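This report concerns only the one structure given below.
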Amino acid sequence: MTKVAVIVGSLREASLNKKFAHAFIAHASEGIEFVYADIDLPLYNGDLEASAYPEKAQALKDLIKSCNSVLVVTPEYNRGYPGVLKNAIDWISRPDSTEVLNNKPVVLAGVSGSALGTTQSQSQLRNVLIYLNTKLMGQPEAYINGGRFFTESGEVVEESKEWLQRYVDAAVAHLSSSN
């Protein structure tokens, strides 16, 4: 069974990205276990690496280590990815950047209210994930305009369901590639 860590780059309870992660999981095939990661962490501080590594940061690192792959769903803030996500990646990748993410399959997606979706945040995040030597899925990409993807009640609009299923199928194949 493939175990996938799900990192949602927003702490908001009503996050569009959290809704997308739920929709993704609902459309995934059997045999995949999804585990949400808690990224509400203290700010990264290199002084804590050797002396008092935060318990929540270690729990996140252990979760990612225990999973076969990672799904990252991120918003875009000010043409970049959120600080909370950068902070989580810093904790995950320190002190040894090859310890947790090296060669791990990763899928990126993102939802925002803008017509551009999350093109800029994902572009920046791709640079970081490539540097960390992940096996990043190249195609298909998911830059989602949340205003057109979800109904008022938070359901995926009918016209997007076929695309979502194709995307999820491709992403699950990539996420399962480590097995």
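Every residue, every condition in (1) without any contact (Cβ under 8 Å) to a residue 40 or more places away in the chain; (2) closer than 30 Å to Asp90 by Cα; (3) assigned to a strand (DSSP E or B), yes or no:
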residue	(1), (2), (3)
Asn133	yes, yes, no
Gln139	yes, yes, no
Arg148	yes, no, no
Arg166	yes, no, no
Val172	no, yes, no
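State whether one or more residues within the range 67-82 are open to solvent by 10 Å² or more (accessible area, probe 1.4 Å), on the phi < 0 side of the Ramachandran plot and assigned to a helix (DSSP H, G or I). No, the range 67-82 has no match at all. Of all residues in the range 1-15, those being open to solvent by 20 Å² or more (accessible area, probe 1.4 Å) and more than 18 Å from Ser112 (Cβ to Cβ) number 2.
Looking for whichever is open to solvent by 50 Å² or more (accessible area, probe 1.4 Å), at pLDDT 95 or above and within 15 Å of the chain's Cα centre (by Cα) here; the options are Lys86, Lys56. Which one fits? Before the answer, list the steps.
Details: Lys56 fails: within 15 Å of the chain's Cα centre (by Cα).
Exactly one of Lys86, Lys56 is open to solvent by 50 Å² or more (accessible area, probe 1.4 Å), at pLDDT 95 or above and within 15 Å of the chain's Cα centre (by Cα), namely Lys86.
In this structure, Asn103 does not satisfy being of a type outside the set (D, E, K, R) and more than 25 Å from Glu33 (Cβ to Cβ).
Looking only at the range 121-151, filter to residues that are among the polar types (S, T, N, Q) and surrounded by 13 or more Cβ atoms within 10 Å (Cβ to Cβ); which one of those is nearest to the chain's Cα centre (by Cα)? Residue satisfying both the conditions and the ranking: Gln122. When we screen Phe20, Phe34 for residues that are out of contact with any Phe, Trp or Tyr (no Cβ under 7 Å at 6 or more places or on another chain) and either in a strand (DSSP E or B) or on the phi > 0 side of the Ramachandran plot (or both), the only hit is Phe34. All told, Gly154 meets the bar of being farther than 21 Å from Asn68 by Cα, open to solvent by less than 70 Å² (accessible area, probe 1.4 Å), part of a loop (DSSP other than H, G, I, E, B) and not aliphatic (A, V, I, L, M).
Condition first: touching a helix residue (DSSP H, G or I) at 6+ places or on another chain (Cβ under 8 Å) and either in a strand (DSSP E or B) or at pLDDT 95 or above (or both). Now tell me which residues in the range 104-126 satisfy that. Working first, answer last.
From the range 104-126, those touching a helix residue (DSSP H, G or I) at 6+ places or on another chain (Cβ under 8 Å) are 104-113, 125; that's our starting set.
Listed by number, the residues that qualify are Lys104, Pro105, Val106, Val107, Leu108, Ala109, Gly110, Val111, Ser112, Leu125.
In the range 16-44, the qualifying residues are those that are over 13 Å from the mean Cα position of the chain (by Cα) and not hydrophobic (A, V, I, L, M, F, W, C), and the one that is most open to solvent (accessible area, probe 1.4 Å) is Glu30. Ser112 meets all of the listed conditions (1) open to solvent by less than 40 Å² (accessible area, probe 1.4 Å); (2) under 24 Å from Ile64 (Cβ atoms); (3) polar (S, T, N, Q) but one, namely (2).
The values are calculated or read from the model by the stated rules, or taken from the named source; none is laboratory data. Quick caveat: nothing in here was measured; it's all calculated off a predicted structure. We place every Cβ from the backbone using ideal geometry, glycine too, and count neighbours over all the protein chains shown. In case anyone asks, the SASA skips ligands and DNA or RNA and just uses the protein heavy atoms, side chains included. Shrake-Rupley method; radii C 1.70, N 1.55, O 1.52, S 1.80 Å.
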